[in-house]
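The values are calculated or read from the model by the stated rules, or taken from the named source; none is laboratory data. Just so you know, these numbers come straight off a predicted model, no measurement behind them. Neighbour counts are summed over all protein chains in view; Cβ atoms, including those assigned to glycine, are modelled from backbone coordinates with ideal geometry.
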Amino acid sequence: MTEMDENQTRFIAELEFIQALANPSYLNYLAQSKYFSKKEFVNFLEYLTYWKKPQYSKFILYPESLYILDLLLKKEFRDRLDGSETTDKIHQQQFYHWRFFKANEIQRTEEKKKKKKLKHSLKQQENSNSTTDNQEPIINKQK
């Protein structure tokens, strides 16, 4: 295996691992297997923070995995993962995000369009008013 092949294999393996962090069941597995209590594993998590750089993060399909990575760097959070209650909560929050994000995004887009339309309308009205204010008065000449 060439060095390029090894680098590509490592890239893919790390990418898959990072994205697996978005899976609450996998987090539960890691906690139950006591990975979070191993200094080497925590060092590996710290090493993986380079994935937050734009040239790497653009390959990540589940951006919440980077947020989970940040949380895993905190001992307090790792300790809380020992019970399934925390991973259940993460799963629930992900569900609600996936369920409502698109609908909320559509609503925000529609609100922006309405505001833009209103702003444009007000600007036109303002321009119309200023044009009539600058015109000379019309004088009726009677013969």
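One line per residue, one yes/no per condition, for (1) among the hydrophobic types (A, V, I, L, M, F, W, C); (2) within 29 Å of the chain's Cα centre (by Cα); (3) modelled with pLDDT of 90 or more:
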{"site": "Glu3", "(1), (2), (3)": "no, no, no"}
{"site": "Arg10", "(1), (2), (3)": "no, yes, yes"}
{"site": "Ala13", "(1), (2), (3)": "yes, yes, yes"}
{"site": "Phe17", "(1), (2), (3)": "yes, yes, yes"}
{"site": "Ala20", "(1), (2), (3)": "yes, yes, yes"}
{"site": "Ser25", "(1), (2), (3)": "no, yes, no"}
{"site": "Asn28", "(1), (2), (3)": "no, yes, no"}
{"site": "Tyr35", "(1), (2), (3)": "no, yes, yes"}
{"site": "Glu40", "(1), (2), (3)": "no, yes, yes"}
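Which residues, taken from region 23-55, are aromatic (Phe, Trp, Tyr) and either under 22 Å from Asn7 (Cα atoms) or touching a residue at least 40 places away in the same chain (Cβ under 8 Å) (or both)? Walk me through how you get there before you give the answer.
Filtering region 23-55 for residues aromatic (Phe, Trp, Tyr) gives 26, 29, 35-36, 41, 44, 47, 50-51.
Across region 23-55, the qualifying residues are Phe36, Phe41, Phe44, Tyr47, Tyr50, Trp51.
Scan region 73-84 and give yes if some residue there is more than 22 Å from the chain's Cα centre (by Cα), hydroxyl-bearing (Ser, Thr, Tyr) and either closer than 22 Å to Tyr35 by Cβ or at pLDDT 80 or above (or both), otherwise no.
Checked against the condition, which is being more than 22 Å from the chain's Cα centre (by Cα), hydroxyl-bearing (Ser, Thr, Tyr) and either closer than 22 Å to Tyr35 by Cβ or at pLDDT 80 or above (or both), region 73-84 yields at least one hit.
Cβ-Cβ under 8 Å, sequence separation 6+ or interchain: first residue in region 56-75 and under 16 Å from Pro24 (Cα atoms), partner buried (at least 16 other Cβ atoms within 10 Å of the Cβ) and charged (D, E, K, R). Which pairs?
Leu72/Arg78
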